[in-house]
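Readers should treat all values here as calculations from the given coordinates under stated rules, not as data from a laboratory. Please read all numbers here as calculations on a predicted model, not as lab measurements. Note that each Cβ is placed from the backbone with ideal geometry, even for glycine, and that neighbours are counted across all protein chains shown.
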Amino acid sequence: MTYEFITPYKLSNLIECAAIVCGMVQSIKFFVPLNPVLLAFISAIFVSAAKLLLDKKFDKQSTILAILNVFPIFLTACGSYDTLKSLFN
């Protein structure tokens, strides 16, 4: 049995994209002197672009949806992190 961490199929779910963004921000924030919220936004752009590239659909509708999906991914990642942080503090 093989275990796969990130596959193209995982990028089709909002929760999994947000979890990837949270993980990226948590691993990068100690090395990059930027606000974690800005890092989350940049990571959401990266994840949305990666999804677009892995889907290999570069038509007008897919590109617009990739741009619009940045915001729900970003807001979900920030909201879930803040919720977990407040629960454990």
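The alpha carbons of the chain give a radius of gyration and a Dmax of 13.8, 45 Å, in that order. Annotation for Leu87 and Lys29: the two label points, set 7 Å from Cα along the Cα-Cβ direction, are 1.7 nm apart.
Considering only DSSP states other than H, G, I, E and B, which chymotrypsin sites (Phe, Trp or Tyr not before Pro) in the stretch 8-71 qualify as loop sites with at most 14 other Cβ atoms within 10 Å?
Values: sites: Tyr9, Phe30, Phe31, Phe41, Phe46, Phe58; in loops: Tyr9, Phe30, Phe31, Phe58.
Sites meeting the loop and neighbour criteria: Tyr9, Phe30, Phe31, Phe58.
Suppose every Lys and Arg Cβ carries +1 and every Asp and Glu Cβ carries -1, with no other charges. What dipole size does the chain come out with about its Cα centre, to the nearest 20 debye? Provide the component values of the computation, followed by the final result.
Details: 7 positive and 5 negative charges, 24 e Å.
For this selection, approximately 120 debye.
Considered as an equivalent ellipsoid built on the Cα gyration tensor, the stretch 47-89 has semi-axes of 30, 9, 4 Å, the largest given first.
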